[in-house]
């Protein structure tokens, strides 16, 4: 580096090799931001029942900004390699009819994901993606069937009874267990439970509300339902 | 980009691999169709849940409700035909139609997303592919000339693509909209999930108490971030399969964790889906010699091991 000229040349080549790469990285990052913005907008578009917590609505200024950011994304779509993509699609070794059917289904699935919609057989796969509120009291309430006998109270959990390794009384699969968990406490589910209990030779389960500690799981109270 | 899904579709496939997938998936469809849950729904409710929507026409829904036993019987027969590979093409379409309609019935009354999310598409791909060229009565009764080897590969790769898409969708659904995703990553939803299903969790059945203090938030925050990372990592399966064992293993572990917290059903689906990731060793020479290929470890891995 004794020669200032060669040092300047080295610096110049370094800058030239470095800057375009940084620019490309910046462009990629910018592109990710623009796509994320578009998906954020589309997933906010339709009302959904998923969330039990009311999400804050973005301000008008924010929405305007997000809509504005769609413009460069749409503008850049001009330069997307549409022809190359079409050629790649056409070159797939899948018969045309099959390719068309499968592509249409994948497209529909993408639309459902983008708009956070669900219409069987398409789904945004949003189960357990909802935002919920944790009770401030630190305790949870849950309804459950219980069996009372010999001064003992036994919780009858549907999903436990649906598990072949842990079931104590019944012989269900997890789908049936899920259904009975879902419809528990309804007259129809009570009748099914009573019938199953009779077959298993145990007293008919009754409904109760359990209150338990969220941290330790310790049961605080168990209140049987009063049926009219 | 030589390993992206489109390029992989052109690689040689294995008729045996596809046949095994056909048999195992049809056996799974058989267990789903014979589940006691479908007749149980009729006893529990008459009206679908208001929060569910379907694209299937109401007339078809009503037909399933009225003729459920008959439809299940037809589906069971079709599944057996697909398993043994008899009249496979026709039986596959019938099985798909029955599976699609009965799972619609199950979803509309249970709001449970399990088998249908994966197997509607898997069964459709089997309908469109030559899955009965091996391990099938059809191949014995009416032997057909072996197809070009990619004909056995693209169905597998397309199913892998769908598997990947399901998990990418799940990851996006957790993160988007962003203002919701930030809250979700905080772990409160996972915490609620663990506490809400506490009495349904094998952890409680085994230990009688939680694994740790469930009122502590940070483990759930870590779990939420890990969940999203695992789900989004499935996107790599679209561009390369070099890490598929790690990704699929992580997904299975994720479902084991979910099952331990109280929601079963996905472990077996992910294990069955992992069958797709067996690496077929079927070369052009195998195809030209009349053999339809067989399953083995990846030549790439083997050569890598030799090299080591």
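In terms of surrounding Cβ atoms within a 10 Å radius of their Cβ, B:21, B:269 rank from fewest to most as B:269, B:21.
Using only Cα atoms and rounding to the nearest 10 degrees, what angle (0 to 90) does helix A:4-45 make with the longest principal axis of chain A? It works out to around 40 degrees. Between region A:63-111 and region B:150-187, the alpha-carbon centres lie 17 Å apart. Rg and Dmax of region B:9-152, based on Cα coordinates, read 16.6, 51 Å.
Ranked by how many other Cβ atoms sit within 10 Å of their own Cβ, fewest first, the residues A:195, A:154, B:47 fall in the order B:47, A:195, A:154. For chain A, relative contact order (Cα pairs under 8 Å, six or more residues apart, normalised by length) works out to 15 percent. For the Cα atoms of chain A, what angle does the longest principal axis make with the long axis of helix A:60-76, in degrees from 0 to 90, nearest 10? Here the helix axis deviates by roughly 50 degrees. With contacts defined as alpha carbon pairs under 8 Å and 6 or more residues apart, what's the relative contact order of region B:9-152 in percent? Averaging sequence separation for qualifying contacts and normalising by length gives 40 percent for region B:9-152. Reported to the nearest whole Å, the Cα centre-to-centre distance from region A:139-188 to region B:100-119 is 22. Using C-alpha pairs below 8 Å separated by at least 6 residues, the relative contact order for chain B is 25 percent. Counting every other Cβ atom within 10 Å of each residue's Cβ, B:176, A:117 order from fewest to most as A:117, B:176. Note on the protein assembly as shown: Rg/Rh from C-alpha atoms, Kirkwood Rh, equals 1.02.
None of the figures in this text is laboratory data; all of them are computed from the coordinates on show. All figures in this text were calculated on a predicted structure; none of them were measured in a lab. Please note: Cβ atoms are built from the backbone with ideal geometry, for glycine as well, and neighbour counts cover all protein chains shown.
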